[in-house]
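Working notes, structure below.
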Amino acid sequence: MSIDTAPTVSATALDATSGTVTRRDILHRMLMTLGPILAALVIAGCILLAVGVDPLAYYGFVLEKGLFSPLGIQQTLTRMAPLLFLAAGLIVAFRAGMWNLGGDGQFLLGAVTAAASAPVFVQIMPAWLALFCSFLIAMVVAMIWSLVPALLRAYQGVNEIITTLMMTFLGTSLANVLVKLAFRDPNTTVPQTRTLPVEDRLPRLFETTITSGLLLGLAAILIVHLVMTRTAFGLKLRIVGANPRAAVHSGLGVPGLTVAVFAISAGLAGLAGAVDIIGVQGNVRADWNPAYGLAVIPAVFLARMNGFAAIGFVFLLSVLSIGGESAARRLGVPNHFTLVLVSIVLIVLALAEYFDHRYNQSRRA
Amino acid sequence: MSSLSSSSVAGRDIVALEGVTKRFPGIVANDSVDLSIRPGEVHVLLGENGAGKSTLIGMLSGLQQPDEGRILVDGKPTPITSPRHALALGIGTVFQHMMLVPTLTVAENLLLGGPWWQRPRTEELAARVAEITSTLGITVKLHAKVSELSLGEQQQVEILRAMVRNSRLLILDESTSMLTPKGIDELGALMRRLVEQGLAIVFITHKLKEAAAFGDRISVLKLGRKVGEIPPERFRALGEQEIVSEIVELMFGKQKDDPEAVERPVRTARAGTAPLLQVADLTVAPTDNAPGLSSISFDIRPGEILGIAGIDGNGQKQLAEALAGQRAATSGSVRLDGAAIETLSVGDRRRRGLRYLTDDRLGEGTVGTFPVSINFFLKQVGAAPFWRNGVEQRAEIDKRAAQLVREYDVRTPSLKTPVARLSGGNIQKVLLARELAEGAKVVIFNKPTYGLDLANTLASRQRIRDTAARGLAVLLISTDLEELLGMCDRIAVIANGALVGTVENADDARTKVGRLMIGLAA
Ligand SMILES: Nc1ncnc2c1ncn2[C@@H]1O[C@H](COP(=O)(O)OP(=O)(O)OP(=O)(O)O)[C@@H](O)[C@H]1O
Ligand SMILES: [Mg+2]
C-alpha cells in the first residue's frame, strides 16, 4: 500500500458498529443501575429485619402509598414539581463541573420571597401576572444569593463546595429570620408568612390534586437538557466542566460562564422554592426546611446528569419520600429511613461501578 | 557496539509476545503480533500513526490486556495485570502522553508507588537522581511542581522515573519528540550504555535516522500487523541509508532515497511589506520554577516563517501563551496587522486571525471525552454555520468534520469516537486541521509535527509552507533543528526566556544556531 491509498476514515462502515455498541452500552448501563438498586433494597430490608420491622410490609406500604393508591400517586407527582426544578439546576452546575451544594438555602430564600410577595401581588394585579412576578422575584433573590460563591470561584478560585455549603447555612437562617420578623403574618399565633388563598395558587391538573407545577418542572428539566446537549451555550459549559484548561485555550470566558452557571443553577433552585409555595404550601412556616436540595443530589448522580433519566429518578425519589413517610408512620420506623435507603443505593452503586471496572480489566486478560 | 556481547546473552527473551491481538470498537489495534525482546538489544518499534505501537506497549506495561495471544516473561506465560505488576516484573515505561501527577513535585512523583507504610526515602532518591542525571546530561528540578514544567522537561522526568526503578526492560514511547538533537544523541548514548549492562530497551520513534542510529533490531507495524523485522545480524550488515530505505519500503511500500531530505525553502522575500506580527519588549514575570520572558522583540512579515529554536523549557511555552493571550504579560506590545492586541482576550485575538497550535494536545488542546467531530470546532463554538442562533447543527458539523478527517487523514473509527481514544499522531492531526482552517493571519505552531509519522510530518510541513505562501505570518517553535532549517526564513534562538540571537536561514545557519544554543555568539 502506498501512503495515498492508506484508508482514511471508514466512518460509514464503522458507524454501524459503534451504533450497536451504544445499544449494548445502554443495556449494560440499565443493568448496572437497576441491579444495585435491587441489592440495596435487600440490604435495607436486612436492616429493617434487624430493628424488628417486616421489610416486606415496609416496602408494601411504600409502594401502596407512594405509587398505587390514587391519593398517594397524586401526592407523589405533586412532590416531583420542586424536585424537578432542583434537579434541573444541579444538572447545569454538575455538567459544568461546579458543585453547587447550596440548593437548600437558595430554595428556602426563593420560597420565602414567593410566599411574601404572592399574597400581596394577587391583590393588585391579575392572578397570572402576580404569580409570574413572584416566580421572578424568587428566582432573582436566589441568583443574588449565589453571587458570593460564584464570584469567589470565578475570580479567586475558591472552592465552591465549601462556600455554597456555608451560604446554605446562612440562607436557611436568613429565611427563618425573614419569616419570623419581616414577613410574619400578624393574624396567626404560629410564626408563618401570609397564606396565599387556594384559588390563587397554581391550578390543579384536571380533577386531581396534582399541581400544574409538575408541568413547569418537567418543562424546566427538558429545556435544561436540550440547552446542555444541543446548544453552543451548553457545549461551552460542558467544555468548562470537562477540561477547564481547554476552555481557556479555546478562548471561552471562563469567569463569566462560571457566574452564569451559578446564576442559572441557583435561579432554578429559587424557582423550585416558589413552585412549592405557590403551587402547594401557600405559605412558609418558621423552621420549615424540607432539605430537598440535598435529597435530589443522589438522584441527579444516578441519572448521570441526563435530563430524561433524572425525571425517572426524581419520580422514584418522590415515591420513596411520600411512601416512606406513610410507612414510617404506620410501622414506627423513623422518617429518615428513606435517606438511609437512598444512601445504601448510592454506596452499592459505587461499589458496583468499581467491581465492574475491575471485572472489565481482568476479563480482557 | 554491544551487539557482539548481546548475541551471547540473547539466547533468551526477557519478554516475548505470541500472537497478541487487541481490538477496540471498530478497529483491530494489534493483529496477532509476535515480538521478542532480548537483553542487550535496543528493539526499535516503527509504524505509521495509529499502527498500534502504543497499544502494544500498553499491554506490556499492564495498562491493557490482550484479547488473544499471550505474553511470556522469562519464558513463562504471564498475564501482566496492572502497571504495578509490570513494574514488579521489571518493566518500566515512558508513555507517549505524560502520566505525572501535575499537582505534586518532581520528587514526589518519583517516589510514588513505594510501599505505603514506609517513609519516602528522599535523600536516597536525590543521590540516585544525581547519578542518573549526570550520566544523561540533563538537569531535573526535583522540587518543582510538575504543572510548572514544560512538556519536554516532563518527558525527562518520565525517563528518569523509569530508570530510578531499576527496570530490566525499559520502554520509551516517542521519548525523543521533545528533545533537541543534542539531547537525542545523549539519550542514544545512554541507551547504548544501558543495553551493554544487559538491559533490554524498546524504543518507539518516528524518526528513521534515530532508528538506524540507535537500534539493534527493528520491527515494523502496519495497520496493527507486524509487517517486517530486521534482526541484529542484518542490521549490522546494512549501512544507515540502506536501513532507512528498507524501513520506508516496509512502512509505506514506496522507495524514497532520503525521505527527510530538506528542500530549501523558497524565498518569498517580501522585504518591502509591513510586518503582520510585531512583538516589542514582551515581558512575562518568571515563576519559581519556570522562566519568564525578558523583553522579546521580533517582526514577522506576511509569507515569512520565523523559527524559534532552543531546548524545551526555555520560555517557548510562555512565549506562545503570552502571544495567544493565555498568559498575562507584564509589559510589551503585540501588534497584529498594525493593531495592538496585547490587551485582548484569547477569543478576541483568535477572531482577529491569530491561531495557536498548542503542544499540549491532551492537556488543553482537546477535550478527551468529547467526540472527534466536536473537537474540530472547540474554538468556534457558537459560530455559523455549525451553530445557528446558538443551536447546534449536527449535520453541518459532521459534514465539515468528515471533510477535515479525509483531508488530514485522521484515522478514527468514527466521528463520534472520543478524541482521546485516537493514537497520538491522529490527535495531532485534529489540532492541525483546526488551526489551519480558514480565517488565519498569524499562526503560532508549537511543535506542529510532534508525534506525526514520516508521511504526515512531510505533509504537515508542506501545509505550513503553503500557509506561509498564502501570505500568512508563521511563528514555528520547535526543538527539531532539521525542521527549522528545512522550513524557516529566519531562526531565532531562545534561552532562559530571552532571544539570544536571530540568524538568516542561509548555508551556515546550522552552525550559527548551534553556537547560539550553547551560549556562544553566532
Ligand atoms: N483505548 C482505546 N479505545 C479505542 N481505540 C483505541 C484505544 N487506544 C487505541 N485505540 C485505537 O487503536 C489504534 C492504534 O493506536 P495506537 O495508539 O496504538 O497507535 P500508535 O501506533 O501508537 O500511533 P501514534 O504513532 O500516532 O502514536 C488507533 O486506531 C486508535 O484509535
Ligand atoms: Mg502512540
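The values are calculated or read from the model by the stated rules, or taken from the named source; none is laboratory data. Keep in mind that what you see is a predicted model, and the values were worked out from it rather than measured. Note that we place each Cβ from the backbone using ideal geometry, even for glycine, and neighbour counts take in every protein chain shown. In case anyone asks, the SASA skips ligands and DNA or RNA and just uses the protein heavy atoms, side chains included. Shrake-Rupley method; radii C 1.70, N 1.55, O 1.52, S 1.80 Å.
Points to keep in mind about this one:
- Scan of the stretch B:11-24 for residues that are more than 14 Å from chain A (Cβ to nearest Cβ) and assigned to a strand (DSSP E or B), ordered by number: B:Val15, B:Ala16, B:Leu17, B:Glu18, B:Gly19
- Every test in (1) farther than 24 Å from B:Glu186 by Cα; (2) outside the structural domain of B:Leu194 (by TED's automatic domain parsing); (3) at pLDDT 85 or above is passed by B:Val106 save one, and that test is (1).
- Note on the stretch B:425-449: among residues that are more than 16 Å from ligand 1 (Cβ to nearest atom) and open to solvent by less than 10 Å² (accessible area, probe 1.4 Å), the one that is nearest to B:Thr176 (Cα to Cα) is B:Asn446.
- Within the stretch B:77-87, being touching a residue at least 24 places away in the same chain (Cβ under 8 Å) and either in contact with a Ser or Thr (Cβ under 9 Å, 6 or more places away or on another chain) or surrounded by 14 or more Cβ atoms within 10 Å (Cβ to Cβ) (or both) holds for B:Ala86, B:Leu87.
- Hits in the stretch A:119-136 - residues which are in contact (Cβ under 8 Å) with a residue 40 or more places away in the chain and under 21 Å from A:Gly89 (Cβ atoms): A:Leu131, A:Ser134, A:Phe135
- Inclusion of B:Leu481 among residues that are open to solvent by less than 30 Å² (accessible area, probe 1.4 Å), within 20 Å of B:Ser294 (Cα to Cα), among the hydrophobic types (A, V, I, L, M, F, W, C) and in contact (Cβ under 8 Å) with a residue 24 or more places away in the chain is not warranted.
- Options A:Leu271, A:Leu252; residue that is buried (at least 20 other Cβ atoms within 10 Å of the Cβ) and within 14 Å of chain B (Cβ to nearest Cβ): A:Leu252
- Among residues of the stretch B:423-440, those that are touching a Leu at 6+ places or on another chain (Cβ under 8 Å), more than 22 Å from B:Leu485 (Cα to Cα) and more than 16 Å from ligand 2 (Cβ to nearest atom), counted: 5
- Within the stretch B:52-82, restricting attention to residues that are touching a strand residue (DSSP E or B) at 6+ places or on another chain (Cβ under 7 Å) and basic (Lys, Arg), the residue that is farthest from ligand 1 (Cβ to nearest atom) is B:Arg70.
- For the stretch B:484-499, the candidate set comprises residues that are open to solvent by 30 Å² or more (accessible area, probe 1.4 Å) and at pLDDT 90 or above; within that set, the residue that is farthest from B:Leu208 (Cα to Cα) is B:Leu499.
- Among the residues making up the stretch A:217-233, those that are surrounded by fewer than 21 Cβ atoms within 10 Å (Cβ to Cβ), more than 14 Å from every other protein chain (Cβ to nearest Cβ) and out of contact with any Gly (no Cβ under 7 Å at 6 or more places or on another chain) are A:Leu218, A:Ala219.
- Of all residues in the stretch A:152-180, those being closer than 17 Å to A:Val254 by Cβ and either in contact with a Cys (Cβ under 9 Å, 6 or more places away or on another chain) or in a helix (DSSP H, G or I) (or both) number 6.
- Selected residue (only one of B:Arg411, B:Arg355, B:Arg406 is in a helix (DSSP H, G or I) and of a type in the set (Lys, Arg)): B:Arg406
- Residue list for the stretch B:345-361, filter: at the interface with another protein chain (Cβ under 10 Å from one of its Cβ atoms) and surrounded by fewer than 19 Cβ atoms within 10 Å (Cβ to Cβ): B:Ser345, B:Gly347, B:Asp348, B:Arg351
- Residues of the stretch B:441-496 satisfying the condition of being in a loop (DSSP other than H, G, I, E, B), under 19 Å from the mean Cα position of the chain (by Cα) and more than 16 Å from ligand 2 (Cβ to nearest atom): B:Pro448, B:Ser478, B:Thr479, B:Asp480
- Meets criteria (away from every other protein chain (no Cβ under 14 Å) and under 29 Å from B:Ser460 (Cβ atoms)) for B:Val101: no
Yes/no per residue for (1) part of a loop (DSSP other than H, G, I, E, B); (2) assigned by TED's automatic domain parsing to the domain that holds B:Leu472; (3) open to solvent by 30 Å² or more (accessible area, probe 1.4 Å); (4) aromatic (Phe, Trp, Tyr):
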| residue | (1), (2), (3), (4) |
| --- | --- |
| B:Ala280 | no, yes, yes, no |
| B:Asp299 | no, yes, yes, no |
| B:Asp312 | yes, yes, no, no |
| B:Leu323 | no, yes, no, no |
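- Among residues of the stretch B:395-412 that are within 21 Å of B:Leu223 (Cβ to Cβ) and facing chain A (nearest Cβ under 7 Å), those with a Cβ under 9 angstrom from a residue that is part of a helix (DSSP H, G or I) and open to solvent by 60 Å² or more (accessible area, probe 1.4 Å), sequence gap 6+ or separate chain, pair up as B:Thr412/B:Arg421.
- Qualifying residue in the stretch B:379-400 (condition: within 12 Å of ligand 1 (Cβ to nearest atom), in contact with a Leu (Cβ under 7 Å, 6 or more places away or on another chain) and assigned to a loop (DSSP other than H, G, I, E, B)): no
- Among the residues of the stretch B:384-398, not a single one is buried (at least 19 other Cβ atoms within 10 Å of the Cβ) and more than 24 Å from B:Asp348 (Cα to Cα).
- Within the stretch B:53-76, tally of residues that are within 16 Å of ligand 2 (Cβ to nearest atom), surrounded by 22 or more Cβ atoms within 10 Å (Cβ to Cβ) and not in a helix (DSSP H, G or I): 1
- Some residue of the stretch A:219-233 being outside any helix (DSSP H, G or I), touching a residue at least 24 places away in the same chain (Cβ under 8 Å) and touching a Lys or Arg at 6+ places or on another chain (Cβ under 7 Å): no
- For the stretch B:9-48, filtered to residues that are farther than 14 Å from B:Leu60 by Cβ and among the aliphatic types (A, V, I, L, M), the residue that is farthest from ligand 1 (Cβ to nearest atom) is B:Val9.
- Residue pairs whose Cβ atoms lie under 6 Å apart, sitting 6 or more positions apart in sequence or on different chains, and linking a residue in the stretch B:88-100 that is within 16 Å of ligand 2 (Cβ to nearest atom) to a partner that is open to solvent by 20 Å² or more (accessible area, probe 1.4 Å), are B:Gln96/B:Ser54; B:His97/B:Leu362; B:Met98/B:Gln154.
- Hits in the stretch B:25-52 - residues which are within 10 Å of another protein chain (Cβ to nearest Cβ) and away from ligand 2 (no atom under 12 Å from the Cβ): B:Pro25, B:Gly26, B:Ile27
- Contacts under 7 angstrom Cβ, first residue in the stretch B:368-390 being at the interface with chain A (Cβ under 8 Å from one of its Cβ atoms), partner among the hydroxyl-bearing types (Ser, Thr, Tyr), 6 or more apart: B:Leu378/A:Ser250; B:Lys379/A:Ser250; B:Gly390/A:Thr231
- Being open to solvent by 20 Å² or more (accessible area, probe 1.4 Å) and not assigned by TED's automatic domain parsing to the domain that holds B:Thr205 holds for only one residue in B:Leu422, B:Leu378, B:Leu404, B:Leu415, and it is B:Leu415.
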